[in-house]
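Quick notes on the structure that follows.
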Amino acid sequence: QVQVVESGGGLVQAGGSLRLSCAASTRTFSSYAMGWFRQAPGKEREFVAAISWSGGATFYASSVKGRFTISRDNAKNTVYLQMNSLKPEDTAVYYCAAGLTYGNMWSEYDYWGQGTQVTVSS
C-alpha cells in the first residue's frame, strides 16, 4: 500500500504561481509513475500531467502545457507540480496519484491522495 499526500494548494491571483508537492510513503518510489489530476466543481476529474519512473519523460494536458511543470525527486519520494501563469479556469482540487503504468487515464493509477484545493481569483 502506498500513501500519497499532497500539499501546497491555496488561493492565488490570476497570473500568479503555486507549487504543489506530493509525498509518497513507499520504499520503491522510483518504481511508480506519478500523475497529477484535477477536478473542478461539477466537472469530471481530468488529467493534468504525468512523469515517468525516472523522471526522464513527462507529458501534459494541452490546457496546461507551457505553464505547468511536473518533476520528481526520487531521493525524497516526492513529485512536484509547478504552476505558473495561473488562470481562473485552473481552479480545482488537485490530486496526486501513483501507478505502475505511465499514462493519462485515471484508471491507470492505483494510489491517490486526498487532494489539495487550488483557487485562482480573477
Exclusive hit being open to solvent by 50 Å² or more (accessible area, probe 1.4 Å) and touching a residue at least 24 places away in the same chain (Cβ under 8 Å), set Val5, Val118: Val5
field: Near pairs, Cβ below 8 angstrom, 6+ apart or cross-chain, from the range 46-75 (closer than 17 Å to Trp106 by Cα) to any residue that is of a type in the set (Lys, Arg)
entry: Glu46/Arg38; Val48/Arg38; Ile51/Arg72
task: Look at the range 70-95 and say how many of its residues are open to solvent by less than 10 Å² (accessible area, probe 1.4 Å), closer than 11 Å to Gly55 by Cα and among the small types (Gly, Ala, Ser).
output: 0
- request: Go through the range 42-69 and count every residue that is of a type in the set (Val, Ile, Thr) and open to solvent by 30 Å² or more (accessible area, probe 1.4 Å).
  value: 2
- line: Checking Gly35, Gly10 in turn, the sole residue that is farther than 20 Å from Ser122 by Cβ, open to solvent by less than 40 Å² (accessible area, probe 1.4 Å), among the small types (Gly, Ala, Ser) and in contact (Cβ under 8 Å) with a residue 60 or more places away in the chain turns out to be Gly35
So Ser17, is it of a type outside the set (Asp, Glu) and under 21 Å from Gln117 (Cα atoms): yes
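The values are calculated or read from the model by the stated rules, or taken from the named source; none is laboratory data. Please read these numbers as outputs of a predicted model, since none were measured by experiment. In this analysis, Cβ positions are derived from the backbone assuming ideal geometry, glycine residues included, and neighbour counts consider all displayed protein chains. The area values use the complete protein model at the heavy-atom level, side chains included, leaving out ligands, DNA and RNA. Shrake-Rupley method; radii C 1.70, N 1.55, O 1.52, S 1.80 Å.
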